[in-house]
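The values are calculated or read from the model by the stated rules, or taken from the named source; none is laboratory data. None of the values given here were measured: they were computed from a predicted structure. Every residue, glycine as well, gets a Cβ built from its backbone with ideal geometry; the counts of neighbours run over all protein chains shown. Please note that ligands, DNA and RNA were not included when accessible areas were found on the heavy atoms of the full protein model with its side chains. Shrake-Rupley method; radii C 1.70, N 1.55, O 1.52, S 1.80 Å.
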Amino acid sequence: MSGKSVKLINDDGLRLDGRHADEIRPMKIEIGVLSRADGSCYLEWGRNKVLVGVFGPREVHPRRSQRADTAVIRYKYNMASFSTEDRARPGPSRRSIEISKVSREAFEPVIMAELFPKTAIDIFVEVLQADAGTRTAAINASSIALADAGIPMKGLVTSCAFGKVDGQIVLDLNKEEDNYGEADFPVAMTQDGEITLLQMDGNLTPDEIRKGFELVKKGCKEILEIQQAVLRKKFETPVEEPEVET
Ligand code: CDP
């Protein structure tokens, strides 16, 4: 959010990448890409590329981190050093620790952790290429990886941001919009519309937030459809049509 004056929406209402205000970037999902993980997902969203591995429920190390009544959910978000324009410093940063925390919390309401006391469910995120919206991309991918691992969940979590660009409320900011826009507001929600992550960078009026939420609900619904289609393709066994005697 530099506030620098760069024209991000043209006179036809189109953004630099050709999208309308209410459009998400194209999303591509592959499921089960890591053979050593219990569940995994590779997701591309615009120019973002993220890889997620899910492990567990499994034994907890160190033991003192165990909980007698529930599984411990651990979420680790990491940016590869080659994922950004300037080389990202390897290892945890304040930003990655914060993203890991809020993303874990985004899943806590849906993961049925109480079914697996004394275990851990680990979600490891590697951002391979970043172009704004990596936390939302990673949450969408983690949802798929958790389902791929067979972790019982009350439903999928979907995530998308809205923001303010050239004075307009738009869905799913890309890097230029994130850099030069006025606000960025990432949201995650359950498939019943319960909000599980909500953050804000920049300034927005209550009316702008209301408008943004309408856009985000639409975006999350589209993402949920993509997630469900991918899972259905992998797990739905085709029903064999009974042969009809003629
Ligand atoms: O990625 P997300 O929008 O969830 O988080 P952000 O902190 O708002 O970062 C926005 C974007 O800035 C990232 O997606 C990266 O493209 C870029 N960034 C970077 O180049 N170097 C960093 N150390 C952190 C972020």
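Identify, by number, the condition in (1) modelled with pLDDT of 95 or more; (2) on the phi > 0 side of the Ramachandran plot that Gly91 doesn't meet.
Going through (1) modelled with pLDDT of 95 or more; (2) on the phi > 0 side of the Ramachandran plot one by one, Gly91 breaks only (1).
I want to confirm something. Restricting to the range 161-183 and keeping residues that are open to solvent by 30 Å² or more (accessible area, probe 1.4 Å) and part of a strand (DSSP E or B), which single residue is nearest to Ser103 (Cα to Cα)?
Our first condition is that a residue be open to solvent by 30 Å² or more (accessible area, probe 1.4 Å); within the range 161-183, this holds for 164, 166-168, 175-176, 178-180, 182.
Filter once more, so that each one left must be part of a strand (DSSP E or B): 164, 168.
Working: Lys164: 23, Gln168: 27 Å.
Looking at residues that are open to solvent by 30 Å² or more (accessible area, probe 1.4 Å) and part of a strand (DSSP E or B), I get Lys164.
May I ask you to list the residues in the range 104-118 that are among the basic types (Lys, Arg) and within 16 Å of the ligand (Cβ to nearest atom)?
Residues of the range 104-118 that are among the basic types (Lys, Arg), as a first pass: 104, 118.
Arg104 - this is the single residue of the range 104-118 that is among the basic types (Lys, Arg) and within 16 Å of the ligand (Cβ to nearest atom).
Would you confirm whether any residue within the range 149-160 is closer than 22 Å to Ala37 by Cβ and in a helix (DSSP H, G or I)?
Checked against the condition, which is being closer than 22 Å to Ala37 by Cβ and in a helix (DSSP H, G or I), the range 149-160 yields no hits at all.
Scan the range 36-73 for residues that are closer than 23 Å to Ser83 by Cβ and open to solvent by 80 Å² or more (accessible area, probe 1.4 Å) and jot them down.
If we filter the range 36-73 for residues that are closer than 23 Å to Ser83 by Cβ, which is where we start, we get 36-37, 39-55.
Those that are closer than 23 Å to Ser83 by Cβ and open to solvent by 80 Å² or more (accessible area, probe 1.4 Å): Arg36, Arg47.
Do we find that Asp166 is within 30 Å of Pro206 (Cβ to Cβ), away from the ligand (no atom under 15 Å from the Cβ) and not basic (Lys, Arg) in this structure?
So Asp166 fits the description; yes.
Is it fair to say Ile121 is crowded, with 17+ Cβ neighbours inside 10 Å, more than 11 Å from the ligand (Cβ to nearest atom), closer than 18 Å to Ser40 by Cβ and in contact (Cβ under 8 Å) with a residue 24 or more places away in the chain?
Working: crowded, with 17+ Cβ neighbours inside 10 Å: yes; more than 11 Å from the ligand (Cβ to nearest atom): yes; closer than 18 Å to Ser40 by Cβ: yes; in contact (Cβ under 8 Å) with a residue 24 or more places away in the chain: yes.
Here the answer is yes, as Ile121 does meet what is asked.
In the range 34-60, how many residues are closer than 14 Å to Ala147 by Cβ and either touching a Ser or Thr at 6+ places or on another chain (Cβ under 9 Å) or assigned to a strand (DSSP E or B) (or both)? Walk me through it before giving the result.
Taking the range 34-60 and keeping what is closer than 14 Å to Ala147 by Cβ, we get 37-41, 43, 52-54, 56.
Filter once more, so that each one left must be either touching a Ser or Thr at 6+ places or on another chain (Cβ under 9 Å) or assigned to a strand (DSSP E or B) (or both): 39-41, 43, 52-54, 56.
Residues flagged as closer than 14 Å to Ala147 by Cβ and either touching a Ser or Thr at 6+ places or on another chain (Cβ under 9 Å) or assigned to a strand (DSSP E or B) (or both) within the range 34-60 amount to 8.
Can you name the condition, by its number, that Thr196 falls short on among (1) touching a Pro at 6+ places or on another chain (Cβ under 6 Å); (2) in a loop (DSSP other than H, G, I, E, B)?
Failed condition: (2).
Before we move on, is Asp207 away from the ligand (no atom under 16 Å from the Cβ), among the charged types (D, E, K, R) and out of contact with any helix residue (DSSP H, G or I) (no Cβ under 8 Å at 6 or more places or on another chain)? Full working, then the answer.
On the way: away from the ligand (no atom under 16 Å from the Cβ): yes; among the charged types (D, E, K, R): yes; out of contact with any helix residue (DSSP H, G or I) (no Cβ under 8 Å at 6 or more places or on another chain): yes.
Answer is yes for this residue.
Of all residues in the range 171-198 being away from the ligand (no atom under 14 Å from the Cβ) and of a type outside the set (S, T, N, Q), which is nearest to the chain's Cα centre (by Cα)?
If we filter the range 171-198 for residues that are away from the ligand (no atom under 14 Å from the Cβ), which is where we start, we get 189-196.
Among the residues that remain, those that are also of a type outside the set (S, T, N, Q) are: 189, 192-195.
Values: Met189: 10, Asp192: 16, Gly193: 15, Glu194: 15, Ile195: 13 Å.
Top of the filtered list is Met189.
Since Val187 meets every condition but one in (1) surrounded by fewer than 15 Cβ atoms within 10 Å (Cβ to Cβ); (2) in contact (Cβ under 8 Å) with a residue 12 or more places away in the chain, which condition does it not meet?
Of everything listed in (1) surrounded by fewer than 15 Cβ atoms within 10 Å (Cβ to Cβ); (2) in contact (Cβ under 8 Å) with a residue 12 or more places away in the chain, Val187 misses just condition (1).
Just to be sure before I move on: is Ala137 near the ligand (Cβ under 10 Å from one of its atoms) and in contact (Cβ under 8 Å) with a residue 40 or more places away in the chain in the structure I sent?
Yes; evaluated as a whole, the condition is true for this residue.
Out of the residues in the range 81-103 that are touching a strand residue (DSSP E or B) at 6+ places or on another chain (Cβ under 6 Å) and closer than 13 Å to Val127 by Cα, which is farthest from the ligand (Cβ to nearest atom)?
Going through the range 81-103, the residues touching a strand residue (DSSP E or B) at 6+ places or on another chain (Cβ under 6 Å) turn out to be 83, 88, 96, 99-100, 102-103.
Filter again for closer than 13 Å to Val127 by Cα, leaving 83, 88, 96, 99-100.
Working: Ser83: 8, Ala88: 5, Ser96: 9, Ile99: 7, Ser100: 12 Å.
Across the range 81-103, the extreme among qualifying residues is Ser100.
Look through the range 61-76, keep the residues that are within 28 Å of the chain's Cα centre (by Cα) and either among the small types (Gly, Ala, Ser) or not in a loop (DSSP other than H, G, I, E, B) (or both), and return whichever of them is nearest to Phe116 (Cα to Cα).
Ala71
Restricting to the range 74-111, name every residue that is over 19 Å from Ser143 (Cα atoms), surrounded by 15 or more Cβ atoms within 10 Å (Cβ to Cβ) and hydrophobic (A, V, I, L, M, F, W, C).
Within the range 74-111, Ala80, Ala88 qualify.
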